[in-house]
Structures are given as structure tokens and as C-alpha cells.
Amino acid sequence: MPLNKYKCIDPIGLFSDKDIKQALNEGSIKIKSKKNLYIGPCSVDLRMSNMAKFINISPIKVIDIKDKNSISYDFIKFKKLIVNPGDFYILSTEEKITLSRNIAGFVFARSSMARLGLNIHLAGFVDAGFSGTITLEMSNFNKNPIIIYPGMRMCQISFISTSSPVKISYAEKKDSKYQNQVEPTESKIFYEK
């Protein structure tokens, strides 16, 4: 397969730290952050914001994915968050990510968090053309509460180049539900047809 300008093998080669820095300098990847980026060998660590949402339903109520009224969320801002065993929170990154038409991303939990029993569930894939913060779904699988703080590096994003620029980017799709999200964003599956 031919090499692209980032020297990755199309379409499955991960960007190296050198490729990431080059794409950031060229503007094909934009990461708006209040702090210096932590760039690893082939990823960028993302920090947790101070905002969270949690599902506000009784334990006996059923969530019907075709009925948006069957679920509601409470929104909180925090300086520290105590995550009890079995708790489920929707969080977001501090960083806003913007990808060009020929770059997609994969978001992964950091193993340092998983080793504590903190599970960061991720939708995982970031489409070419996406712009916004990344929503994280978090649960505590440990038997003990865990305290987390805004600004912690919670996950990492890796990048791949598409074999050619996408014809219709995520930003241009009429049914893109999460474009330009800036806070923890609840499921919008109810809007699917």
C-alpha cells in the first residue's frame, strides 16, 4: 500500500508522535487545550473536565431506547468526584478535538485507570470531520469508592489516516448527533429512525 504524507501505511497505520506533531502543526488535527498536550509514542492523553452527568431513574424503571422520556440525567460540576462501586457517569474531556477529512481517531482508556477498577467505556471511534469534546462513560468495578479529579489524564486518542479524504465528513452528515458537543453528552439514540 502507498505511504501517505504522514508516512503511515494507508489505511491502518497509526500516527507516530512525529506524525501527530506534524498534523497538529499543519492543522489537520486540532486539539484545543488549556494545558500542554501529553503526546505519547502514538497517542495523545486527554484530560477529564469538571462536568458529569448521571442517569436519574429509580432502580425498577426500565429504559426504553425508543422513548426519550424514559430516561433523564442530572448534571453536576465538581472539584472531586467520588465514584462508588456500580456508579455510572457520563464525563467529557477538557480538550476539544477537530479532525480533517482524511484523519479519524480511536479513543482508549488508560490502563492506569483500569488497574484501579475504574472502567472508562468509550464509544471509541472518532469520525473524520468530527469537532467537539469526547464523551466518556465511566463505571467503578472495584469494591471500594474511587475519587477522581478534573484535569486528570483519563484516556488517550490515536489517529489513523483514511485511504482518501471522506466525501461527506461527520460535520456534513445530516444525522450527526454529537458534532460540536462541549459537555458530557447523553445518548441521542432516540432520534435515530
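The values are calculated or read from the model by the stated rules, or taken from the named source; none is laboratory data. Because the structure is a prediction, the values reported are computed rather than measured. All Cβ positions, even for glycine, are placed from backbone atoms using ideal geometry, and neighbour counts span all protein chains on display. SASA here: full protein model, heavy atoms, side chains in, ligands and nucleic acids out. Shrake-Rupley method; radii C 1.70, N 1.55, O 1.52, S 1.80 Å.
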Can you list residue pairs whose Cβ atoms sit under 9 Å apart, with the first residue in region 81-99 being on the phi > 0 side of the Ramachandran plot and the second being of a type in the set (Phe, Trp, Tyr) and open to solvent by less than 10 Å² (accessible area, probe 1.4 Å)? Count only pairs 6 or more apart in sequence or on different chains. none
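Being among the aliphatic types (A, V, I, L, M) and at pLDDT below 95 is the requirement here; does Val107 meet it?
Values: among the aliphatic types (A, V, I, L, M): yes; at pLDDT below 95: yes.
Answer is yes for this residue.
Residues checked against (1) closer than 21 Å to Ser187 by Cβ; (2) out of contact with any strand residue (DSSP E or B) (no Cβ under 8 Å at 6 or more places or on another chain); (3) at pLDDT below 95:
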| site | (1), (2), (3) |
| --- | --- |
| Lys35 | no, no, yes |
| Met51 | yes, no, no |
| Tyr73 | yes, no, yes |
| His121 | yes, no, yes |
| Phe125 | yes, no, yes |
Identify all residues within region 15-28 that are over 15 Å from Asp45 (Cα atoms) and surrounded by 16 or more Cβ atoms within 10 Å (Cβ to Cβ); write none if there are none. Asp19, Gln22, Ala23, Ser28
Strands (runs of 3 or more DSSP E) (entirely within region 45-102) containing at least 2 residues that are open to solvent by 70 Å² or more (accessible area, probe 1.4 Å): 73-77, 88-99
Determine which single condition Ile147 fails, assuming it passes every other condition in (1) hydrophobic (A, V, I, L, M, F, W, C); (2) more than 28 Å from Lys174 (Cβ to Cβ); (3) free of Cβ contacts under 8 Å to residues at least 60 places away in the same chain; (4) open to solvent by 60 Å² or more (accessible area, probe 1.4 Å). (3)
Which condition breaks for Arg115 when tested against (1) open to solvent by less than 60 Å² (accessible area, probe 1.4 Å); (2) over 27 Å from Phe190 (Cα atoms); (3) not β-branched (Val, Ile, Thr)? (1)
Among the candidates Ser131, Ser139, single out the residue that is touching a helix residue (DSSP H, G or I) at 6+ places or on another chain (Cβ under 9 Å), surrounded by fewer than 19 Cβ atoms within 10 Å (Cβ to Cβ) and more than 15 Å from Ser43 (Cβ to Cβ). Ser131
Filter region 155-193 for residues that are acidic (Asp, Glu) and open to solvent by 60 Å² or more (accessible area, probe 1.4 Å); which is nearest to Gly132 (Cα to Cα)? Glu183
